[in-house]
Amino acid sequence: GQRLIDQLKIPIALVTLLLAALFVAAMDQVLRAGRAAESYAEMVADKNKRLEQATNLMSVTVDSIDEGIVMMRNDGQIRYWNKTYERMWGLPTGFLKVGMTLNDVIVWKKTRGGYELVETDEDETAVDEAARGSGMSPTPLLQRLYRDRRGRLIEARRFLMPDGHGPIGVTRAL
């Protein structure tokens, strides 16, 4: 029994040292990965902060222009609008919601908003270009002229956003 123990002491010591070295190497890798993750998290947080600042600046800029803007998905669901769009059409506070369709807004304009469609024009060339996915069309896909109860005219134009990300509506008072 003692002879066997004496014979195994050196291999057991070597295995123990090897396991200790592996443990130290593994802990080093874990600590390095932790530091890298912290560094990455800080970088992501910094980029998110800069993106939020840019988004806020863009939002203030878009809200301050004199044209109403509404962005939609390809299925017509509204994704974004500026305050001028709401104000221009006299939409009730809270009426517009992400996901509602532009058709719902148009129905409201004609029925409850008192807007009358005066003229409509669809550019077949722009529609064909949009169908081919040639990017944002410089000419409107659709152009409509509305008159409100007071006789004020509002022009509504629709363009296709680049890469087929849906249409964008631009309106202005004439």
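The values are calculated or read from the model by the stated rules, or taken from the named source; none is laboratory data. Worth saying up front: this structure is predicted, and the values here are computed from it rather than measured. Here the Cβ is made from the backbone with ideal geometry for all residues, glycine too, and neighbour counts use every protein chain on show. For the accessible areas, the whole protein counts, side chains as well, though only heavy atoms, and no ligand, DNA or RNA atoms are used. Shrake-Rupley method; radii C 1.70, N 1.55, O 1.52, S 1.80 Å.
Which one is nearest to the chain's Cα centre (by Cα), of the residues in segment 55-72 that are surrounded by fewer than 14 Cβ atoms within 10 Å (Cβ to Cβ) and in a loop (DSSP other than H, G, I, E, B)?
Of everything passing the filter in segment 55-72, Ile65 is nearest to the chain's Cα centre (by Cα).
Which members of segment 97-115 meet the condition of being assigned to a helix (DSSP H, G or I) and aliphatic (A, V, I, L, M)?
Step one: list which residues in segment 97-115 are assigned to a helix (DSSP H, G or I), which gives 102-111.
Across segment 97-115, the qualifying residues are Leu102, Val105, Ile106, Val107.
Within segment 107-129, can one find any residue that is more than 17 Å from the chain's Cα centre (by Cα), of a type in the set (Phe, Trp, Tyr) and open to solvent by less than 50 Å² (accessible area, probe 1.4 Å)?
Yes - at least one qualifying residue is present in segment 107-129.
Looking at segment 76-98 only, could you name the residues that are open to solvent by 30 Å² or more (accessible area, probe 1.4 Å) and either touching a strand residue (DSSP E or B) at 6+ places or on another chain (Cβ under 8 Å) or closer than 14 Å to Leu160 by Cβ (or both)? So that I can check it myself, show each step before the final result.
The first filter runs over segment 76-98 and keeps only residues open to solvent by 30 Å² or more (accessible area, probe 1.4 Å), leaving 77, 79-81, 83, 86-87, 90, 92-95, 97-98.
Those that are open to solvent by 30 Å² or more (accessible area, probe 1.4 Å) and either touching a strand residue (DSSP E or B) at 6+ places or on another chain (Cβ under 8 Å) or closer than 14 Å to Leu160 by Cβ (or both): Gln77, Arg79, Tyr80, Trp81, Glu86, Arg87, Lys97, Val98.
Need pairs with beta-carbon distance below 7 Å; first residue closer than 17 Å to Trp81 by Cβ and open to solvent by 30 Å² or more (accessible area, probe 1.4 Å) and within segment 137-160, second part of a loop (DSSP other than H, G, I, E, B) and not hydrophobic (A, V, I, L, M, F, W, C); sequence gap 6+ or separate chains.
Arg157/Pro140; Arg158/Pro140
Tell me, please, whether a residue that is more than 16 Å from Ile168 (Cα to Cα) and at pLDDT 90 or above can be found in segment 119-137.
No, every residue in segment 119-137 fails to be more than 16 Å from Ile168 (Cα to Cα) and at pLDDT 90 or above.
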